[in-house]
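The values are calculated or read from the model by the stated rules, or taken from the named source; none is laboratory data. Given the structure is predicted, the values throughout are model-derived calculations rather than measurements. When we count neighbours, we look across all protein chains shown, and the Cβ atoms used for this are built from the backbone with ideal geometry, even at glycine.
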Amino acid sequence: MAKDKLDLLQGTLDLLVLRTLATMGKMHGYGIARRIEQVGGEAVLLNQGTIYASLVRLQQGKWIEAKWGTSDNNRKAKYYEITTRGKKRLADETANWERVSGVVHRILKAGPETGEIVT
């Protein structure tokens with residue numbers, strides 16, 4: 001049976017990119033995508049267009065910056081790094097994600113027998 005790939009909610013990929021850069025340091029786009037797939041247990045599959053659209057959004061918001069460098073295989077590559085502003089955004093978005101996912105989890109687990117009202 002083939003593994004099901006996850007559809008990421010809009011904005012979630014940006015959060016994953018910021019987290020990857022905060023954890024791993026400077027990386028090029030291909031490396032970021034492969035790292036997210038690796039940590040995601042291969043449940044996430046990212047194509048080049050998806051990852052680069054996220055990188056452009058993050059650059060425009062000044063949450064990451066990019067500089068040209070040379071990759072391990074001696075090719076020219078753009079390397080991305082999280083900014084101070086990006087670290088703040090990562091902290092804010094992580095807290096929001098944890099809050100939202102906690103609410104969704106409670107709603108999915110609540111049964112009629114609990115009589116619980118989730119606010």
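Looking at this structure, is K26 more than 14 Å from L15 (Cα to Cα) and surrounded by fewer than 13 Cβ atoms within 10 Å (Cβ to Cβ)? Criteria not met by K26. If the condition is being surrounded by 14 or more Cβ atoms within 10 Å (Cβ to Cβ) and in a loop (DSSP other than H, G, I, E, B), then the stretch 68-88 contributes only T83. Cβ-Cβ distances below 8 Å connect the following pairs, each with a first residue in the stretch 16-39 that is more than 22 Å from A95 (Cα to Cα), a second residue that is among the charged types (D, E, K, R) and in a helix (DSSP H, G or I), and a separation of six or more residues or different chains: M27/R35.
Quick grid of which residues meet (1) modelled with pLDDT of 90 or more; (2) assigned to a helix (DSSP H, G or I); (3) charged (D, E, K, R):
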site: L13; (1), (2), (3): yes, yes, no
site: A53; (1), (2), (3): yes, yes, no
site: R57; (1), (2), (3): yes, yes, yes
site: A66; (1), (2), (3): yes, no, no
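The residues of the stretch 31-68 that are polar (S, T, N, Q) and over 14 Å from L21 (Cβ atoms), listed by number, are Q38, N47, Q48, T50, Q60.
In the stretch 64-89, the qualifying residues are those that are out of contact with any strand residue (DSSP E or B) (no Cβ under 7 Å at 6 or more places or on another chain) and touching a residue at least 40 places away in the same chain (Cβ under 8 Å), and the one that is farthest from D14 (Cα to Cα) is K87.
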